[in-house]
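The structure appears below as structure tokens.
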Amino acid sequence: MLSLLQFERRNSEASVFNLLFWWICVPWFVTAWSWVLWRLRVRGRENLPRTGGALVIANHQSHLDPLLMGAVLNDRAPRMLARRTLQTDSPWPVPWMLRVGCRVIFVDQEVADPGAMKAVIAELKAERLSVVFPEGTRSVDGTMQDFERGVWLLIKRGGQPVLPIGIEGTFDVWPRKSRLRLRGRIMFNIGEPVSCEDLLAMGVDQALAFLHERVDALRAEARAAIRVRNGGRWPLAGPADTQNGAASCTVGT
């Protein structure tokens with residue numbers, strides 16, 4: 001029975017208990033409730049690699065993003081990069097869950113943190129998945145912010161493909177400086193992996209601009225798809241209706 005769960009393929013470092021509880025039971029519970037409350041949907045699951053390493057990058061709209069990202073990517077049990085202050089400014093048991101269950105890699109955002117970067121690179125070189133939110137902080141209005149240049153180091157030294165994911169709807173459900181809402185619609189849109197070699201050939205500035213545009217396009221596609229599914233009630237109208245601050249996205253309408 002345990003062989004059917006393919007623990008070694010999913011994550012060669014995590015224990016059997018960790019994978020059973022934190023990456024099967026917990027994601028099932030989170031996914032079920034997220035569908036009931038917010039009709040969570042995932043597009044592009046076929047783009048998620050079943051084996052091999054990848055650096056997953058996504059936009060960051062809400063505190064919900066890491067939790068739902070774990071549920072969406074539970075097949076690979078990835079480790080995520082998160083700010084170290086979550087250990088002190090989050091209510092218990094969140095810090096314990098992040099440290100013990102999700103095995104988050106905490107990073108100090110105030111100063112250079114080579115230890116955290118080395119930990120992410122080690123995950124990639126071991127051909128596992130690692131997740132970063134390159135904006136570095138949550139969006140204030142649902143739109144995407146510039147990517148921090150630290151992600152380029154992970155791309156360059158990790159040597160693995162980059163898997164872009166666009167997140168839409170979590171800002172409506174839990175906007176910055178507001179309480180969690182029980183209404184809304186959420187979608188994760190998984191794009192095709194981009195090879196490390198192609199990104200290195202572009203150079204840092206062009207590559208980061210390309211990835212930013214790709215993630216924002218995936219986010220905008222998800223936004224349009226949500227509108228089609230619920231007759232335009234969600235997502236709420238706002239600045240996020242524009243892609244990269246340009247024209248309104250109409251994909252899927």
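The values are calculated or read from the model by the stated rules, or taken from the named source; none is laboratory data. These numbers were taken from a predicted model, which means no experiment stands behind them. Here Cβ is always computed from backbone atoms with ideal geometry, including for glycine, and neighbour counts include all displayed protein chains.
Figures for the structure shown
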{"quantity": "Residue within the stretch 188-196 that is under 22 Å from G53 (Cβ atoms), surrounded by 14 or more Cβ atoms within 10 Å (Cβ to Cβ), without any contact (Cβ under 8 Å) to a residue 60 or more places away in the chain and not small (G, A, S) present", "calculated": "yes"}
{"quantity": "Test: G70 is more than 18 Å from V151 (Cα to Cα) and of a type outside the set (F, W, Y)", "calculated": "yes"}
{"quantity": "Residues satisfying the stated conditions in the stretch 125-141, i.e. closer than 17 Å to V151 by Cα and of a type in the set (A, V, I, L, M)", "calculated": "L129, V131, V132"}
{"quantity": "Subset tally (residues that are in contact (Cβ under 8 Å) with a residue 40 or more places away in the chain and among the charged types (D, E, K, R)) for the stretch 197-220", "calculated": "3"}
{"quantity": "Residue that is surrounded by the fewest Cβ atoms within 10 Å (Cβ to Cβ), among those in the stretch 47-75 that are of a type in the set (D, E, K, R) and farther than 23 Å from R227 by Cα", "calculated": "R50"}
{"quantity": "Entirely in the stretch 1-117, the helices (runs of 4 or more DSSP H) that have 3 or more residues that are among the charged types (D, E, K, R)", "calculated": "7-10"}
{"quantity": "Filtered residues of the stretch 149-175 (kept if closer than 14 Å to E135 by Cβ and among the basic types (K, R))", "calculated": "R149"}
{"quantity": "T137 vs. criteria surrounded by fewer than 19 Cβ atoms within 10 Å (Cβ to Cβ), at pLDDT below 95 and under 14 Å from the mean Cα position of the chain (by Cα)", "calculated": "yes"}
{"quantity": "Every residue from the stretch 76-105 that is modelled with pLDDT under 80 and among the aromatic types (F, W, Y)", "calculated": "W92"}
{"quantity": "Residue under evaluation K118, criteria (1) crowded, with 19+ Cβ neighbours inside 10 Å; (2) free of Cβ contacts under 8 Å to residues at least 12 places away in the same chain; (3) of a type in the set (K, R), criterion not met", "calculated": "(1)"}
{"quantity": "V131 vs. criteria within 27 Å of W234 (Cβ to Cβ), at pLDDT 95 or above and not in a loop (DSSP other than H, G, I, E, B)", "calculated": "yes"}
{"quantity": "Qualifying residues in the stretch 140-182 (those that are touching a Phe, Trp or Tyr at 6+ places or on another chain (Cβ under 8 Å), part of a loop (DSSP other than H, G, I, E, B) and of a type in the set (G, A, S)) - the one surrounded by the fewest Cβ atoms within 10 Å (Cβ to Cβ)", "calculated": "G142"}
{"quantity": "Matching entry among V107, V162, V204 (being within 25 Å of R45 (Cβ to Cβ), β-branched (V, I, T) and in contact with a helix residue (DSSP H, G or I) (Cβ under 9 Å, 6 or more places away or on another chain))", "calculated": "V162"}
